[in-house]
1. Just need the Rg to Rh number for region 105-186, please, alpha carbons only, Kirkwood Rh.
2. Long-range amide H contacts for residue 14: which residues qualify at under 5 Å (H placed 1.01 Å from N, peptide plane, sequence gap of 5 or more or a different chain)?
3. Once the other residues with Cβ under 15 Å from the Cβ of residue 192 are scored (Lys, Arg +1; Asp, Glu -1), what is the net sum?
4. So, by mean Cβ neighbours within 10 angstrom, what's the order for 80-87, 120-127, 33-40 with the highest one leading?
5. Tell me, 128, 50 in order of fewest to most beta-carbon neighbours within 10 Å?
6. How large are Rg and Dmax for the chain when calculated on the C-alpha trace, in angstrom?
7. Among 168, 112, 70, whose Cα lies farthest out toward the positive end of the dipole of region 56-169, if unit charges sit on the beta carbon of Lys, Arg (+1) and Asp, Glu (-1)?
8. Determine the percent antiparallel among the DSSP beta bridges restricted to region 105-186, to the nearest 5.
Amino acid sequence: MSAAQPADRPLVIACGALAGELRAVLTAAGLADSVEVRYLPARFHNRPEHIVPAVEQCLDAAGDRPTFVAYADCGTGGALDAMLAAHAGVERLGGAHCYEVFAGPGLFAEMHDEEPGTFFLTDFLARHFEALVWQGLGLDRHPQLLPVYFGNYTRVVLLSQSGDAGVVFAGRLAAEHLGLLFEHRHVGRDGLLPATRVVVRRSAA
């Protein structure tokens, strides 16, 4: 039997910052060839006002095939959920942001309550800290803004998905840049497993 064409496959609409981790989850589940994934720009991580219009455009183009949205609320202030309410059967990742997705609500709440002044990193953000955070906030040009942005933070916590020592090094370096303590919690990728449900729903249809 030939592989299904993209228009026939279930669709996952995903944040580009999750690309590596989502590919790993789909591959491990044997679904890499069974699902079409459309990645939206990772820069939306810093510009959440672009998320809802971009996701809605993808949903309108998807037709009636099973679709999953691999975003948490991600700073949309409930606007993503309000839009998805008009698309019956389309679910998203649970939680407020990718840190809660990967850590799980229990562990994330525990870490937040333990130290509210925590700046979280995922593998992607650790690798791209310079571009997305340091340059993205203009700290490369205006380092005097560092206490404005991070004056209320006390630590950086890397919530790692892989076992890549380079990611831990990058996270530690990010903490040094910010003048904060560094902690590392390995949480894995299981938070993305709900994205595989589109295949289950298609099989049950």
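Bear in mind that the values in this text are calculations on the coordinates, not laboratory data. Fair warning: this is a prediction, and the values are worked out from it, not measured in the lab. Positions of Cβ are generated from backbone atoms using ideal geometry, with glycine treated the same way; all protein chains shown enter the neighbour counts.
1. My calculation of the ratio gives 0.97.
2. Under 5 Å from the amide H of residue 14 lie the amide H atoms of 38, 39, 40, 70, each far enough along the sequence or on another chain.
3. -1
4. Final packing ranking: 120-127, 33-40, 80-87.
5. The most exposed by this proxy come first: 50, 128.
6. Answer for the chain, Rg first and Dmax second: 17.9, 61 Å.
7. In region 56-169, that residue is 168.
8. Taking every DSSP beta bridge within region 105-186, about 0 percent pair in antiparallel fashion.
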